[in-house]
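Below: the structure, in structure tokens.
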Amino acid sequence: MMTGKVSRWVVIAVWIIAATILTITLPDVKDRTSNNTADLPADSASVVADKLIKKEFPNSSGMPALLTWHREGGLTEADLAEVQYLSKELTENPLTQQSFLPPLHEIPLPALQGSVSEDGTTFVQPLFFKENTETAVLEKNLKIINRIVTERVGLDPFKVQTNTEKLSLRVTGPVGISVDATGLFSGADFQLLLATVILVLVVLLLIYRSPLLAIIPLIGVGFAYLVTSPILGFMADHDWITVDSQAISIMTVLLFGAGTDYCLFLISHYRSELRHHESKREAMIAAFKDSSGAIAMSGLTIVISLLTLLVAKYGAYHRFAVPFSLSILIMMLAALTLVPALLSVFGRASFFPIVPRTPEMEESRAKKKGKTVKKHKAGRIGNWIGNIVTTKPWTVILTCLIIFSVLAGYSSQIKYSYDILSSFPEDMNSREGYKVISDSYTPGELAPATVVVDTDGKDIDLADELKKMNLVESVTDPINSKSNKDLQSYEVTFNINPYDIEAINSIPDIRSLAEKELKAANISAVDEKVWIGGQTATQFDKRDTVKTDEFMIIPIIIVLISLLLLAYLRSVTAMIYLMGTVILSFFAAMGLGWIILHYFMGVEAIEGTIPLYSFVFLVALGEDYNIFMVSSIWRKKKTMPIKQAIREGVAETSGVITSAGIILAATFSVLATLPIQVLVQFGLITALGVLMDTFIVRPFLVPAITALLGRSAFWPSKVAIHKEKERAQ
């Protein structure tokens, strides 16, 4: 259908019409993103605690914005007067969704000076907003604060450096972090898309040296994006799914990287067939027949792998599933319909100026020009690799295993962080505000923990015991709930970063201490009478939820991809070693990524969600390359000896898979250019994994294992194998 004189135009028209109608009638997914969606399940301990705190202790609830006033030489009375003016202004004219503001303008100036940091440089003014306030509203509110202060002091305090003698103002705490996080992704979205398009275009031009051939894959990816975006927007508009800016950013990279790969596999086969068929239609039919199965299998592998994220409990994982899988599914359809139709229209002109022709066409063309025919030479590197893996399989296998094992060993040394601030650039407003607080006050004041206990009416005071804990700086006196006198809350301030792993690890200790004190007072069922809320408790639950998802999803992915491989290749042996090599490659990529990030870039810990993200992408995408190469070997083994089939299969696929791997790794490396550490780390590790699959696993390790196993590599497949004796190979 994609090759007929009329039908190919019908296919192109269908895509144009579909993209146009969907874009006009449905909302763009970027307009339906939500960056404040909860990541933790509703029954998580910290979520239950926070809900209880909002209900029973309403004065302590709300999203805090910590307005951090600072002057390096010391705050003056005039500076504190500005603090009081802002307090009075926001009391008389509350901001949208403002819930609580301490009346600092009613406090005498000498008393206010008592709250300044010991070094006299910093004052923190808390401002609370209602829970779940949209980030756009919070951002607008911060701009209003900026305008009020700027008009008073005559300069923009948000832009004044914190290490100067001038008055500066930074907004940190949950509100500042939320606004900055959203700003980072929204600002990076267009930059990421533009950089990815330019990168793919340049790499395609360098590889194929054909302007038209470089544009055709981008057309396919572009139409896939134009169809995917409004469909996702429609689904989000009807609350079927929830999407955030981070998911859309990574989806764009995945779409261009994997989508271009699919196009290249088809283009490679088409170019090869054009050297055997004078008819461009016959060449496309043959190319489509040889590549469509592998493309469909690869697409389904990624789609199914990504859909497993739907079973995740952690919200960010769950939100990635549908956008990622749907974009790959639509891209696969575009690679199997739109791209073949476009190539059929342009034919050999697609490859201009290096046009592939049959030997007869080359000879006729040479005669007309009075020149000799230049014979097409197969890739020397591909042939060399094919000979190495078939003549010295043990050497290749052992070398690869040693390299991968050493790198994988480093993955066990990785330290993980759940500190969102560490992902921000050092000059980000909220991060600078936190640094000012940690330098001048106790760093734990950024986000205190709230401990609530049910005393059963007994006289209990946990403050003294909580103060004895190593990581605790201070504990407030107990506050009784107005509606339930048995409930008491304590605000616990850590003496370290409340997002630090040590603070997170202390949450079970705080709970155990509280339960111990309740039990000592002869209170029963103490495990149901202690609640811990706040950002540190949230990060503790995040870590546990992320780890639970890893232990659940990774085995599911392995099983599902194994079953797909078994169904496609009909070989248990091949399924085992193909999965094994990709999993080993993943651990090696994690280890190499840690070496680069830790020892060369000074990263102390990587974001805790990266292992699962990287596993999903590397295993699914890495298996793609194995499928394309093994498919070639499987096809050739019917007509030639096994080792010859391996040599020719490696030589045939080396060029296109290398090109595809370079492009895919390059697109993921674009993430490493963004000022967001979690994307830098994810982009680097994924790019390294793709390069390992491209240059080690696919060309060396897998073919060498196949050569070593011989006929056993296909067990128990009954597909006919060339009967020539092995020694004749």
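For this structure, a couple of remarks:
- Largest to smallest in accessible area, the residues Arg152, Arg319, Arg271, Arg357 fall in the order Arg152, Arg271, Arg357, Arg319 (1.4 Å probe, all protein chains included).
- Contour excess over end-to-end distance, with Cα ends at Glu92 and Gln191 and 0.36 nm allotted per residue: 31.6 nm
- For region 203-217, Karplus couplings with θ = phi - 60° (6.51, -1.76, 1.60), whole Hz, Gly/Pro x: 5, 5, 5, 5, 6, 9, 6, 10, x, 5, 5, 6, 7, 4, x
- Principal-axis tilt of helix 45-56 within the chain, Cα atoms, nearest 10 degrees: 40
- Dmax and Rg, reported as Rg then Dmax, of region 546-620 (C-alpha, Å): 14.6, 47
- Rounded percent of accessible protein surface that carbon and sulfur make up, the chain, 1.4 Å probe: 59
- Cα→Cβ-extended label distance, 7 Å offset, between Ala38 and Glu282, nm: 6.5
- Within straight-line cross-link reach of Lys485, aspartates and glutamates at Cα separation under 12 Å, skipping those fewer than 8 residues along the same chain: Glu56, Asp454, Asp456, Asp459
- Here's the list of lysines a cross-link from Lys371 could span, going by alpha-carbon distance under 25 Å and ignoring same-chain residues fewer than 8 apart: Lys280.
- Candidate cross-link partners of Lys367 among the lysines, defined by an alpha-carbon separation under 18 Å and a same-chain spacing of 8 or more, comprise Lys375.
- Entries in Lys467/Lys519; Lys519/Lys547; Lys51/Lys467; Lys55/Lys88; Lys130/Lys467 that, when Cα-Cα distance is taken, lie over 22 Å: Lys519/Lys547; Lys51/Lys467; Lys55/Lys88; Lys130/Lys467
- The helix-only estimate of mean residue ellipticity at 222 nm for the chain, built from DSSP H runs of length n ≥ 4 each weighted as -39500 (n - 2.57), is -20500 deg cm²/dmol after division by the residue total.
- Of the peptides 76-82, 326-332, 272-278, the ranking by mean beta-carbon count within 10 Å, highest at the top, reads 326-332, 272-278, 76-82.
- Angle in degrees between helix 7-25 and the longest Cα principal axis of the chain, rounded to the nearest 10: 10
- Share of pairwise Cα separations in region 479-565, more than 20 Å, in percent: 54
- Rounded to the nearest Hz, the phi-derived 3J(HN,Hα) couplings of region 484-497 under the Karplus curve 6.51 cos²θ - 1.76 cosθ + 1.60 (θ = phi - 60°) are 9, 5, 6, 8, 10, 10, 10, 9, 9, 9, 7, 9, 9, 3, where x marks glycine and proline.
- In the chain, the longest principal axis of the Cα atoms and the axis of helix 535-569 are about 10 degrees apart.
- Residues Trp394, Trp634 ordered from highest to lowest accessible area at a 1.4 Å probe: Trp394, Trp634.
- Where labels lie 7 Å past Cα in the beta-carbon direction, separation of Ile21 and Ile403 in nm: 5.1
- Here the extension length gained between Asp459 and Asp509 equals 15.8 nm, from 0.36 nm per residue of separation less the Cα-Cα distance.
- Note: relative contact order over the chain, using C-alpha pairs below 8 Å and six or more positions apart, is 18 percent.
- Judged by the gyration tensor of its Cα atoms, with axes a ≥ b ≥ c, region 254-332 is prolate; a/c meets the 1.5 cut and a/b is the larger of a/b and b/c.
- The stretch between Ser364 and Ala525, if pulled fully straight at 0.36 nm per residue, gains 48.8 nm over its current Cα-Cα span.
- Mean Cβ neighbour count within 10 Å, used as a protection proxy, ranking 122-129, 396-403, 568-575 highest first: 122-129, 568-575, 396-403
- Sorting Ile696, Ile16, Ile267 by solvent-accessible area of protein heavy atoms yields Ile16, Ile696, Ile267, largest first, with a 1.4 Å probe.
- Rounded if a/c under 1.5, otherwise prolate or oblate - region 334-429, Cα gyration tensor axes: oblate
The values are calculated or read from the model by the stated rules, or taken from the named source; none is laboratory data. Worth saying up front: this structure is predicted, and the values here are computed from it rather than measured. Counting neighbours? That spans all protein chains shown, and the Cβs are built from the backbone with ideal geometry, glycine included. Side chains are part of the model used for accessible areas, which takes the heavy atoms of the whole protein and leaves out ligands, DNA and RNA. Shrake-Rupley method; radii C 1.70, N 1.55, O 1.52, S 1.80 Å.
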